[in-house]
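For reference, the structure discussed in these notes is given below.
The values are calculated or read from the model by the stated rules, or taken from the named source; none is laboratory data. In this text the structure is predicted, and so the values were computed from the model without any measurement. Cβ placement follows ideal geometry from the backbone for every residue including glycine, while neighbour counts extend to all protein chains displayed. The protein model used for the area step is the full one, side chains on, heavy atoms only, and it has no ligands, DNA or RNA in it. Shrake-Rupley method; radii C 1.70, N 1.55, O 1.52, S 1.80 Å.
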Amino acid sequence: MKTDQIPAPEQNPDEPIDKKENLFEVAEKQLERAFKVVQLDESLQTIVKQPKNEIIIHFPVRLTSGKIQLFKGYRVQHNNVLGPFKGGMRYHHNVYLDECKALAAWMTWKCALQNIPFGGGKGGVKFDPSAHNMEDLERITRRFTHALGTNIGPEWDIPAPDVGTNSQTMDWMMDTYSNMVSMSDKQAVKRVVTGKSIVCGGSPGREEATGRGIVHCINQWALEKRFSLPGSTLAVQGFGNVGSNTAQILSRMGVSLIAVGDHTGYWRHPEGFNPYKISEYVRAHRSLQGYPGGQSISRDEFFATKCDIFVPAALELQITEKEAKIMNCKVVVEGANGPTDIDGENLLLSRGIDIIPDILANSGGVIVSYYEWLQNKRSETWDIEDVRSRLETRMSSTYQLVSEKARFLKVDTRTACYAIALERLQQVYTRRGIWP
Ligand code: GLU
């Protein structure tokens, strides 16, 4: 190994590099709010406030340039009392420890809320994937998986795609992991990750699942509010997997996408964009930068766009007090994890804008991850119709359960989601206790 290479600059993993707020503080405040309204044992409060394990790994990778670069990888395992740790792996230059802690906790609540037998985890690697070619991405993924070793496992901790990763990343992870176990276990460990490509054991309908789940929530919301979706308007921030699937499915229901944007810019089109064309453009250019349709607008103009449904499907902490003040929509449906901070949420609610919170709205992804894991475990392949109808049933019934809970407790929807999730965890802790 050459030793004259300069490693990547060290950053404090506890600090977000370009955010004013720390995501874990937002997660803590949400939890505190739930503890105030739900009668929970103090001991449960103590247990779930912090994750069980926080793993940080530095691993060197020989890149195609010939250089050896040191990467920083994370895996936070929040809770596994309901089942194996479960959650995405994120590739982004701003991945930091407290972000993974918040995202891992949200996975615990998300799985508990949906009553699927998984706990919560999240991790990733701090680097910009768009600055690397495919060969480098493969090397980074394989080295990361190897460095994680038995910290992941099909009955222990099951990664999935997240920001900056996709089915190809999962295929590499699965392949690397299965080459680390004995020959006779290779097939059995396929389910160490979900969100794989279909040919490598992924589930039909996994890729569209988060977007589809969001649409089921919007449908339920519309039924509840007696709101007619055909002819209504939509704004979407972020046009990756979640944003694009949501906009495409809604467009088939007559919902018009009138504003769109990502970290490269924002666009408006009063007559409506074609979401399929935008997806194609984003696939080819990796972002919306230079999109030729519609009218280019500022970030503030985007948030102030009058529309019915607003879907933040980019990164966290996008809706603070500043944005909440100018937003002009009926409902915010959180496709991203943690897009709204505490002040932003309070202001939206006081302005009568509904919020369908992340742990409910975007849970379609992990639900179909569970279906993929089950299919792998049973050596089955389900039809897409089967996956879709199971997803719809589960999303709709959980939505209704949350609505009832919110009415019963007289709380906001997010707190109602937390209440359901925490009560499920409490039941298990009460029976099992802590030992030794
Ligand atoms: N990363 C997705 C999420 O935040 C999916 C997780 C999974 O499928 O395990 O929910």
Top-ranked residue of the range 102-126 - restricted to ones that are open to solvent by 10 Å² or more (accessible area, probe 1.4 Å) and more than 14 Å from the ligand (Cβ to nearest atom), ranked as farthest from residue 53 (Cα to Cα): 115
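Listed here are the residues, each with its yes/no results for (1) of a type outside the set (Asp, Glu); (2) at pLDDT 95 or above; (3) in contact with a Cys (Cβ under 9 Å, 6 or more places away or on another chain).
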site	(1), (2), (3)
313	yes, yes, no
321	no, yes, no
335	yes, yes, no
344	yes, yes, no
363	yes, yes, yes
366	yes, yes, yes
375	yes, yes, no
Flag if residue 27 is at pLDDT 95 or above, part of a helix (DSSP H, G or I) and within 16 Å of the ligand (Cβ to nearest atom): yes
Check on residue 348, in contact (Cβ under 8 Å) with a residue 24 or more places away in the chain, on the phi < 0 side of the Ramachandran plot and in a helix (DSSP H, G or I): yes
Search result, residues across the range 367-383 that are near the ligand (Cβ under 9 Å from one of its atoms) and under 13 Å from residue 394 (Cβ atoms): 367, 368, 369, 370
Tally, over the range 160-179, of residues that are part of a loop (DSSP other than H, G, I, E, B) and either in contact with a Leu (Cβ under 6 Å, 6 or more places away or on another chain) or farther than 20 Å from residue 370 by Cβ (or both): 3
Qualifying positions in the range 112-137 - among the charged types (D, E, K, R) and either within 21 Å of the chain's Cα centre (by Cα) or outside any helix (DSSP H, G or I) (or both): 122, 126, 128
Of residues in the range 52-80 being β-branched (Val, Ile, Thr) and buried (at least 17 other Cβ atoms within 10 Å of the Cβ), the one farthest from the ligand (Cβ to nearest atom): 61
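Yes or no, residue by residue, for (1) at negative phi; (2) surrounded by fewer than 24 Cβ atoms within 10 Å (Cβ to Cβ); (3) of a type outside the set (Phe, Trp, Tyr); (4) more than 15 Å from the ligand (Cβ to nearest atom):
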residue: 133; (1), (2), (3), (4): yes, yes, yes, yes
residue: 144; (1), (2), (3), (4): yes, no, no, yes
residue: 147; (1), (2), (3), (4): yes, yes, yes, yes
residue: 151; (1), (2), (3), (4): yes, yes, yes, yes
residue: 155; (1), (2), (3), (4): yes, yes, yes, no
Matching residues, the range 283-292, being more than 12 Å from residue 265 (Cβ to Cβ) and in contact (Cβ under 8 Å) with a residue 12 or more places away in the chain: 286
Considering residues of the range 294-308 that are open to solvent by 20 Å² or more (accessible area, probe 1.4 Å) and assigned to a loop (DSSP other than H, G, I, E, B) only, the residue nearest to residue 330 (Cα to Cα): 308
Condition met for residue 282 (over 28 Å from residue 414 (Cα atoms), touching a strand residue (DSSP E or B) at 6+ places or on another chain (Cβ under 9 Å) and buried (at least 19 other Cβ atoms within 10 Å of the Cβ)): yes
Any hit, the range 180-188, residues being surrounded by 18 or more Cβ atoms within 10 Å (Cβ to Cβ) and either at pLDDT 95 or above or over 21 Å from residue 161 (Cα atoms) (or both): no
Filter pass, residue 140 being β-branched (Val, Ile, Thr), more than 16 Å from the ligand (Cβ to nearest atom) and either part of a loop (DSSP other than H, G, I, E, B) or surrounded by 20 or more Cβ atoms within 10 Å (Cβ to Cβ) (or both): yes
Any chance residue 94 is among the polar types (S, T, N, Q), away from the ligand (no atom under 14 Å from the Cβ), within 16 Å of the chain's Cα centre (by Cα) and on the phi < 0 side of the Ramachandran plot: yes
